[in-house]
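Notes to accompany the following structure.
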Amino acid sequence: MPDLSRPLEECLQALKAKENLQEVLRRHPDDRAALVSLLRLSVELNTLGAPSPDPAFRLRARNRMLAVAQQRRRDQQRSPFHWMPRPAMRLAISAACSLALVGAGLITAAAAGTSLPGDPLYGVKLGVERAQLAVTLNASDRARLQLQFANLRLQEAQAMFARGRSQDAMALIGQYDEAVSGFQTSLASAAFDDTSVSELSHDVQQRQHEADASLSALAGSLKAHGDQQSAAIVAQAQTHIDQAFTGSNTDIQAHQKTAQGQSSGHQPKPAGGASSR
């Protein structure tokens, strides 16, 4: 079938300009019949009006468009990162979650610091103490932490006695005794410089004085309230703890003499007063 688009366009232009249509048709004698048919079809189509839209279809289309727009607005309101590209949004959400976890951990650890045995966060408190000791590599700093955590057990025991929880308080006195003994044991394998030894000696003497005063007052209070058995156990623990602190002071002084001898370049004298030849 020949291409009639160009001849048809010429015919339509002739009709529009009200020119002689017959001249155009004479230039295309082979396609005259087909062109006439197409021209009639064009005229008939022009007489038809535009189809009226279906009211039901228009209503359905409008409702669907409004529903889609409302859903998009809801999605944007739910997500504060709707303006960000998807990879950036994922990174931001991951960072926010990490910060939230770290913040929650710090808040939990801080709240656990004041907890007592029987409280939900007391286990967290002990876990934080163990973690601090594990990551503290300096011998002097580690020793001070041991003293600090041991003193916490004594403070917790006093709080338990004040609340009338004598059984829990006595368990804490035992833990305090063990912590001070453990501190003395750890001194034997630790190495300290001269400055650290002096500072640690001062800390031990201060802790010994505080422990003696606190345990004496606690034993006296228990005895005054008629709890002779608990008073005797506290007094016995006081004696053992005082001995442990005294032994710790002796060990620290030995470290101090060793450090001073090494710094002066002299070796310590042999035991028993024997002299080297």
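Nothing in this text is a laboratory measurement; each read-out follows from the coordinates by a stated rule. Predicted model, so just to flag it, every value in this text is computed and none were measured. Heads up, the Cβs are rebuilt from the backbone with ideal geometry, glycines too, and the neighbour counts pull from every protein chain shown.
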Exercise. In debye, nearest 20: dipole of the stretch 103-254 around its Cα centre with unit charges on the Cβ of K, R (+) and D, E (-)?
Worked result: 440 debye
For this session: Output the peptides 57-68, 7-18 sorted from most to least packed, where packing is the average of other Cβ atoms within 10 Å over each peptide's residues.
Result: 7-18, 57-68
For this session: Rounded, prolate or oblate: pick one for the stretch 107-193, where a ≥ b ≥ c are the square roots of the eigenvalues of its C-alpha gyration tensor, a/c under 1.5 means rounded, and failing that, prolate if a/b is larger than b/c, else oblate.
Result: oblate
Problem set entry | Protection proxy ranking of 191-200, 127-136 - average other beta-carbon atoms within 10 Å, highest first | 191-200, 127-136
For this session: Mind checking which of Ser230, Leu172, Leu145 is farthest towards the positive end of the stretch 138-264's charge dipole, using Cβ charges of +1 (Lys, Arg) and -1 (Asp, Glu) about the Cα centre?
Result: Ser230
For this session: Sort largest first and round to whole Å: the equivalent ellipsoid semi-axes of the stretch 138-264, each the square root of five times a Cα gyration tensor eigenvalue.
Result: 32, 13, 10
